[in-house]
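Student: Just dropping this structure here.
The numbers here are math on the coordinates, done by the rules we state, and not lab data. None of the values given here were measured: they were computed from a predicted structure. Quick reminder, even Gly has a Cβ in these numbers, built from the backbone with ideal geometry, and neighbours come from all protein chains shown.
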């Protein structure tokens, strides 16, 4: 009995120590989260400077690299802000972050990366780093299970980085960061020459294994987050228009029955939540030559292609897409 009592006391003591260490470095800016913080600051500053109805793009880095906000602004006559930053931040953070700037009458195009739809509640390094160092208030919006998982998955290295707090000064991480954004929040410098300058291996990207979103879609955690976000948007009078992201084409996405079902049924699943889903996933899957450095990041030629394809599907009146068909 004494052994088990001692073991329980020891485990409780270690847990209290672990949580104390976490709390001591919450809010301290890490170097690894600096570029994301800089990019969000750039985009949110623009958003807050605009009066009246605004057009937003909400997603991850596929949106950051893939859409031409200047063309969208000119076409639809609405000041446009590209809020896409990094899909690695995961669904809850991206949705919560957008809620801090959206307001009544705004229109939001949402080309969410496919892994947002298969979100299983497990945090990753980027989400943990960003919330604990930059947005600790978002921790309280997570479910209890997600909060416990964040506490569990934080690593000793992350605690060390938090205590060192080397962030705070604007910085770049390769081609990523504030200096390569235009006024709208789009990524720039994504030509073929720029890819060569960064020594990206185009041949290895051709050989990249396809993703298995159909296989990973056996949970509903992401859908609960989306339903909650949609309910909030409707209450606030915000128009949401879901659309597929861009992603490099692989025949596997059509030939594998599980994957094919995921892409062909996604539109119906999203629209069952009471919003529109404009476009078809396969339409925005392009050849390797249109991508910059990952299977989600278009180069400048691909950006023009996706923007044009998306506008064809959206039509001339964005508000026509503001509710499910």
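Student: Name the shape class, rounded, prolate or oblate, that the alpha-carbon gyration tensor gives for the range 177-246, where a ≥ b ≥ c are the square roots of its eigenvalues, rounded holds for a/c under 1.5, and otherwise prolate holds if a/b is larger than b/c and oblate otherwise.
Tutor: Note, shape of the range 177-246 comes out oblate.
Student: While we're looking at this one, here's another question. Helix 2-24 versus the longest principal axis of the chain: what is the Cα-based angle in degrees, 0 to 90, to the nearest 10?
Tutor: 50 degrees
Student: Evaluate the relative contact order of the chain (contact order divided by residue number), counting alpha-carbon pairs under 8 angstrom at least 6 apart; express in whole percent. Intermediate results must be reported in sequence, preceding the final value.
Tutor: Numbers: 527 pairs, mean separation 79.5, N = 325.
Value for the chain: 24 percent.
Student: While we're looking at this one, here's another question. Assuming R0 = 25 Å, what is the FRET efficiency of residue 26 and residue 143, from their Cβ-Cβ distance, to the nearest 0.05?
Tutor: Efficiency computed from Cβ-Cβ geometry: 0.85.
Student: Another one. Under the classification rounded if a/c is under 1.5, otherwise prolate if a/b is larger than b/c and oblate if not, where does the range 56-108 fall, given a ≥ b ≥ c as square roots of the Cα gyration tensor eigenvalues?
Tutor: It is oblate, given that a/c is not under 1.5 and a/b is not larger than b/c.
Student: Counting other beta carbons within 10 Å of each residue's own, what order do 91, 314 fall into, fewest first? Display every interim value, and only then the final one.
Tutor: Working: 91 24, 314 20.
In order of increasing Cβ crowding within 10 Å: 314, 91.
Student: Could you grab the Rg to Rh ratio for the range 108-253? Cα atoms only, Kirkwood for Rh. Intermediate values should be presented prior to the final figure.
Tutor: Values: Rg = 18.5 Å, Rh = 18.9 Å.
Reported Rg/Rh (Cα atoms, Kirkwood Rh): 0.98.
Student: A follow-up question, please. Taking only Cα atoms and a 10 Å spring cutoff, compute GNM fluctuations for the chain and point out the largest among 162, 52, 121.
Tutor: 52
Student: P(r) tail for the range 60-189, what percent of Cα pairs lie past 22 Å?
Tutor: 45 percent
Student: Relative to the first principal axis of the alpha-carbon coordinates of the chain, what is the inclination of helix 221-236, with its axis defined by its Cα atoms, in degrees from 0 to 90 and to the nearest 10?
Tutor: With both axes taken from Cα atoms, the answer is about 70 degrees.
Student: Related question: For the residues 295, 120, what sequence is obtained by ranking on other C-beta atoms within 10 Å, fewest first?
Tutor: 120, 295
Student: Kirkwood Rh over Cα pairs of the range 197-325 into Stokes-Einstein at 20 °C, 1.002 mPa s: D in µm²/s?
Tutor: Once the numbers are plugged in, D ends up at 132 µm²/s.
Student: Could I have the simple spin-label model distance between residue 312 and residue 269, label points 7 Å from Cα toward Cβ, reported in nm to one decimal?
Tutor: 2.6 nm
Student: Would you compute, from DSSP H runs of 4+ residues alone, the mean residue ellipticity of the chain at 222 nm, taking -39500 (n - 2.57) per run and dividing by the full residue count, rounded to the nearest 500?
Tutor: -14000 deg cm²/dmol
Student: Quick check on the exposure proxy: order 225, 152 from fewest to most C-beta atoms within 10 angstrom.
Tutor: With the fewest neighbours first, 225, 152 line up as 152, 225.
Student: Taking only the alpha carbons of the chain, what extent do you get along each of the three principal axes, in Å, biggest first?
Tutor: The Cα atoms of the chain stretch 72, 46, 41 Å along the principal axes, largest first.
Student: Between residue 234 and residue 165, what is the FRET efficiency for a Förster distance of 56 Å, r being their Cβ-Cβ separation, to the nearest 0.05?
Tutor: For residue 234 and residue 165, the calculated efficiency is 0.90.
Student: Under 8 Å for C-alpha pairs, at least 6 residues apart: give me the relative contact order for the range 199-325, rounded to a whole percent.
Tutor: Reported relative contact order: 31 percent.
Student: So how far apart, in nm, are the two label points at residue 227 and residue 7 if each is 7 Å from Cα heading toward Cβ?
Tutor: With each label placed 7 Å out from Cα toward Cβ, I get 4.0 nm.
Student: Report the gain in length on full extension from residue 100 to residue 199: 0.36 nm times residue separation, minus Cα-Cα distance, nm rounded to one decimal.
Tutor: Gain on stretching residue 100 to residue 199: 31.9 nm.
Student: In the chain, what % of DSSP beta bridges are antiparallel (nearest 5)? Numbers along the way, then the final one.
Tutor: On the way: 3 of 17 bridges.
So the antiparallel bridges amount to about 20 percent of the total.
Student: Where in the range 279-307 does the label zone of residue 215 land, with the point 7 angstrom along Cα→C-beta and an amide N cut-off under 20 Å?
Tutor: 295-296, by backbone N distance to the label point.
Student: A further question on this structure: Does anyone have the angle between helix 90-99 and the longest principal axis of the chain? Alpha-carbon axes, 0 to 90°, nearest 10?
Tutor: In the chain, helix 90-99 runs at an angle near 70 degrees to the longest axis.
Student: Sticking with this one: Find the centroid of the Cα atoms in the range 137-182 and in the range 226-272, then give the distance between the two in whole Å.
Tutor: 27 Å
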